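All of the numbers you see were taken from the coordinates with simple rules; none came from a lab. Treat the numbers as computed from the prediction; the structure is a model and nothing was measured. Cβ atoms come from the backbone with ideal geometry, glycine included; neighbour counts cover every protein chain shown.
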Amino acid sequence: MQILRKRSDFTDQDIKSFKDLIDSFFQKYLKETGVEGITNYIHMLASGHIKYYMEHYMELHRNLYKYSQQGWESQNSKFKQVYFRHTQRGGNYGCNTEENERTHLCSIMKAFQREVLWISGEAENHFLGKTI
């Protein structure tokens, strides 16, 4: 995993070492857990999907760290707070609200849009009056 988390560029030797280590790991893992122990992540490692990305995307970018989803995963807690603190979770919206108008997704999508606008810099440009 240290090879995958590496922020510097992959070398051909890094990819070969990674493949050899994963193959060795998977053989031992399969003996210990059997087929029932294979998770989505183990499958991605053992089947060669990660090695494929290391080989093919290194031509352009030379590492996978740039494709990390950690930034989006951290947004998950924000959206969860919006859901639990700022929606009725499909519940009561008042006696004049039709059943098909009850939604919790609208609040989450508005929060998502705000977040994307701030992350991309578009919101700041808007408030500072800058045009691109």
If I stretch the segment between N125 and F26 completely, what's the gain in nm (0.36 nm per residue apart, minus their alpha carbon distance), one decimal? 30.7 nm
Rounded to the nearest 0.05, FRET efficiency between S8 and K78 (Cβ-Cβ, R0 35 Å) equals 0.70
Within straight cross-link reach of K130, meaning Cα distance under 26 Å, which lysines are found once same-chain residues fewer than 8 apart are removed? K110
